[in-house]
Amino acid sequence: MERQVILNADDFGLTRGVNAGIVRAYLAGGVTSASLMVNMPGFGDAVRLARALPGLGVGLHFNLTYGRPLSDPKKVPSLVTPDGAFLDGKIPRVRAAADVARELEAQWSRFAKTDLSPTHLDSHQLLHQTDPVIYMVMAEKACRENVPLRRSQVVHPLPNLPQPRMTDTILLDTYGDDEGLQRLRQHLRSLPEGIAEIMCHPGCVDDALREISAWTDIRERELKVFASREVSQALRELGIVPVNYRMVRDRPAPADIPLPVRPAAKAQPVHRRRSAKGRSADGPGGKLPPQKRSRLSRRHGVQNRRWNS
């Protein structure tokens, strides 16, 4: 069995600068797939670019923490602040399943109207990994739409979980330090047989990004890694086949499991590991110290020493 890898750039559509960086990495052979945010200012530009690059797989980056919902805020009260903006992802939230499902449908519908075909479904800041309610809603949607869902390292203790298609493994890491390229090469050398996903966040910093996200300079440092010709060279040398999520989508589906009918109940709060300073472990504003990230990664099966969202 050969080794295949999806090199997925998150936050496509966030801003025009982020889009430009992702496309540069794709043209260099360091990115094969991207996840599209449909409620952010770079959305239209990203759609234009994706139409011109049919080889780039593009999935939905379901977003519940940046900007405003596409749904009427009054109809998704557990997702928004009093002024109608999304609640941030820095602390645990109680999100109602019905509100999550409504907003997911709205974002999926906007994507579908572009005439692009979503190759997969994942979430901004890995919310489907940290929140079992979000995971259930997204897994059901992935099964109904017959698209893969990004693999979660956390096994949620929920009955009758749907079984969407997924990659065999996923590597969650950052590549913005001086050893980023070296570490990426090591990840590639250690890939097991099957299909793996490597997540990244390349991009160019622009004024719009500075207003939205604390993740700025690290995107340009990751762009330097993933736009390097050394990535495609390493893939060739190691005999690893670069693919996108279409390869996962075309796999045989897992055994069919009837989708559950959810009662109209409130979501339960999800308690996440917090750092010594009280910051959450899963957002650009809440990174764990390296030693704690390492322990968390080992506990949840992440095959690397740090991760981010």
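Note on Ser78/Lys224: beta-carbon distance plugged into 1/(1 + (r/R0)^6) with R0 of 30 Å gives a FRET efficiency of 0.15.
So what's the gap between the Cα centers of region 224-247 and region 86-116, to the nearest angstrom? The distance from the Cα centre of region 224-247 to that of region 86-116 comes to 31 Å.
Centroid-to-centroid, using Cα positions, region 150-218 and region 8-59 are 15 Å apart. Sorted ascending by nearby beta carbons within 10 Å, beginning with the fewest, Arg219, Arg165, Arg210, Arg24 become Arg210, Arg24, Arg165, Arg219.
All of the numbers you see were taken from the coordinates with simple rules; none came from a lab. Keep in mind it's a predicted model, so treat the numbers as computed, not measured. A quick note on method: Cβ atoms are made from the backbone with ideal geometry, for glycine too, and the neighbour counts reach across all protein chains shown.
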